[in-house]
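As structure tokens, the structure follows; a few thoughts come after it.
The values are calculated or read from the model by the stated rules, or taken from the named source; none is laboratory data. All figures in this text were calculated on a predicted structure; none of them were measured in a lab. Note that we place each Cβ from the backbone using ideal geometry, even for glycine, and neighbour counts take in every protein chain shown.
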Amino acid sequence: MKKLIQILLCAVMAAFLLAGCGSNVSSSAPADGRLRIVSTVFPSYDFARAIAGEYADVTILLSPGMESHSYEPTPQDMIRIQNCDLFLYTGGESDAWVDDLLSSLDKPVNTVKMMDCVNVYEEEMLEGMQEEEPSGEHETEYDEHVWTSPKNAVRISRAIEKALCGIDPDNAAFYQKNADSYAAELESMDQRFRDFFAGVSKKIMVFGDRFPFRYFAEEYGLECFAAFPGCSSETEPSAATIAFLTDKVKSENISTVFYIEFSNHQVADSIAEAAGAKTALFHSCHNVSAQDQKDGATYLSLMEQNLNTLKEALR
Ligand SMILES: [Zn+2]
């Protein structure tokens, strides 16, 4: 992978120079004076928008509706990363290509790696979960979905603020002010989840889907069950997994089986049907759909939607 990225990067840089755009290639200052921030996934993209405001052109590598776990960088994406002022990424399984790319760049790029901003947990195999096909490798996998806890969102936002103040000290007061008010909004979102869960007797969530919510579950003390781990590429659970989850929904008298965004929710549907329950979307915020984008979705609006879904589903 590393070799391939190096070759690709050399090739695109050469093509870029030959095309006569050479004079601006290595300049990091955008023509309009704004900083260029590039993010792999939606949460850090959205946090950067909130903090940098009009002082930066913030872009995301994923197109709307694109599944982050199957994304691979294009040569154009590599140029965007090479030329940006700040690059934001998870550091986990869905952007495992990043380390190779960063070490292949001619000049270092400023980065914020979300997994470095928080305490990370190992990816968890929950009871009843479908085992991944054995890959032969036995490395500890840390769960990348750190942003699903609003408390962690505050920590990541503060790291972005700090990076921006270092890159653009003249405007530090602006970034600090934005980060303070954004952190206050995230804290209030966190408090509303806390208040809600305080009034719920059975804090159990069943996902007929992948489970990218470990940090959310740990934050609010939830007991969760799911068909697959957070970054799994499996889509066909075993009969035993389906039976386990169906029994769980029945025996705990659970009203709602959850599925995540961009899922065909077939697994959730079949568990819900067998157990006489409903289904509902619980958004993990990896990325947004074209419709979400049109509607101006933000991390906070998606989490708000999640809170409203929980109010219907858990009592
Ligand atoms: Zn993921």
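Per this entry, Phe262 is not counted among residues that are within 19 Å of the chain's Cα centre (by Cα), closer than 18 Å to Leu302 by Cα and surrounded by 23 or more Cβ atoms within 10 Å (Cβ to Cβ).
For the structure I just gave you, tell me whether Gly208 is assigned to a loop (DSSP other than H, G, I, E, B) and away from the ligand (no atom under 16 Å from the Cβ). No; evaluated as a whole, the condition is false for this residue. A search for C-beta distances below 6 Å between a residue of segment 55-84 that is within 12 Å of His286 (Cα to Cα) and any residue that is exposed (fewer than 14 other Cβ atoms within 10 Å of the Cβ), counting only pairs 6+ apart in sequence or on different chains, returns Pro64/Ala290; Gly65/Ala290. Within segment 96-129, the residues that satisfy the criterion of being buried (at least 21 other Cβ atoms within 10 Å of the Cβ), within 16 Å of the ligand (Cβ to nearest atom) and modelled with pLDDT under 95 are Glu123, Met129. Only residues that are out of contact with any Leu (no Cβ under 9 Å at 6 or more places or on another chain), under 13 Å from Glu219 (Cα atoms) and of a type outside the set (A, V, I, L, M, F, W, C) were counted in segment 146-168, giving 3. Selection of segment 61-89 for residues being closer than 25 Å to Pro229 by Cα and of a type in the set (A, V, I, L, M) yields Leu61, Leu62, Met66, Leu88.
To keep it simple, each residue is scored yes or no on (1) under 25 Å from Glu141 (Cα atoms); (2) surrounded by fewer than 19 Cβ atoms within 10 Å (Cβ to Cβ); (3) within 15 Å of the ligand (Cβ to nearest atom).
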site	(1), (2), (3)
Ser201	no, yes, no
Tyr215	yes, no, yes
Glu218	yes, yes, no
Ile254	no, no, no
Val257	no, no, no
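As a summary of the residue check, Val154 satisfies the conditions (1) within 16 Å of the ligand (Cβ to nearest atom); (2) assigned to a helix (DSSP H, G or I) except for the one numbered (1).
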